[in-house]
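Each remark here refers to the structure printed beneath this line.
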């Protein structure tokens, strides 16, 4: 089983390899979430709670990426996990769930995520993820017919 440290190391690897030029406007954390069949990752911006804020900029906020615990299994390709992390980092770079300026109206409009990943040199991750997803979906369909 993959650990939290392994997941954090993957985030650092992906950030340095594919996203070295993005502005890190607020801290990014990554963690394993619950097992999910259809949602493999998510990112959200955690804002400070409590007192009314006079200035949001003076209080820290952080982005938290959550990855399905199904990917803790070493039977899932590392490239599939890294694709999922990259996908969420694209949202971060585009201003969704981060303090960065929002670049698009919708986070997935027109295939913007995979286009960005291709431009960043992560095309091999897209291919590996799509191949895995096709197999995964067929297994789910097969199991649901029982």
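The values are calculated or read from the model by the stated rules, or taken from the named source; none is laboratory data. Since the model is a prediction, treat every value here as computed from it, not as a measurement. Counting neighbours? That spans all protein chains shown, and the Cβs are built from the backbone with ideal geometry, glycine included.
Per-structure values
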quantity: Top-ranked residue of the range 120-146 - restricted to ones that are under 17 Å from the mean Cα position of the chain (by Cα) and assigned to a loop (DSSP other than H, G, I, E, B), ranked as surrounded by the most Cβ atoms within 10 Å (Cβ to Cβ); calculated: 122
quantity: Criterion (within 26 Å of residue 110 (Cβ to Cβ) and either surrounded by 13 or more Cβ atoms within 10 Å (Cβ to Cβ) or modelled with pLDDT under 95 (or both)) met by exactly one of 46, 51, 30, 22; calculated: 22
quantity: Candidates 84, 66 - the one that is part of a helix (DSSP H, G or I), in contact with a strand residue (DSSP E or B) (Cβ under 9 Å, 6 or more places away or on another chain) and either within 25 Å of residue 137 (Cα to Cα) or at pLDDT below 95 (or both); calculated: 84
quantity: Given (1) outside any loop (DSSP other than H, G, I, E, B); (2) closer than 29 Å to residue 24 by Cβ; (3) without any contact (Cβ under 8 Å) to a residue 60 or more places away in the chain, number of the condition residue 117 does not satisfy; calculated: (3)
quantity: Count of residues meeting criterion [in contact (Cβ under 8 Å) with a residue 60 or more places away in the chain and not in a helix (DSSP H, G or I)] in the range 2-22; calculated: 3
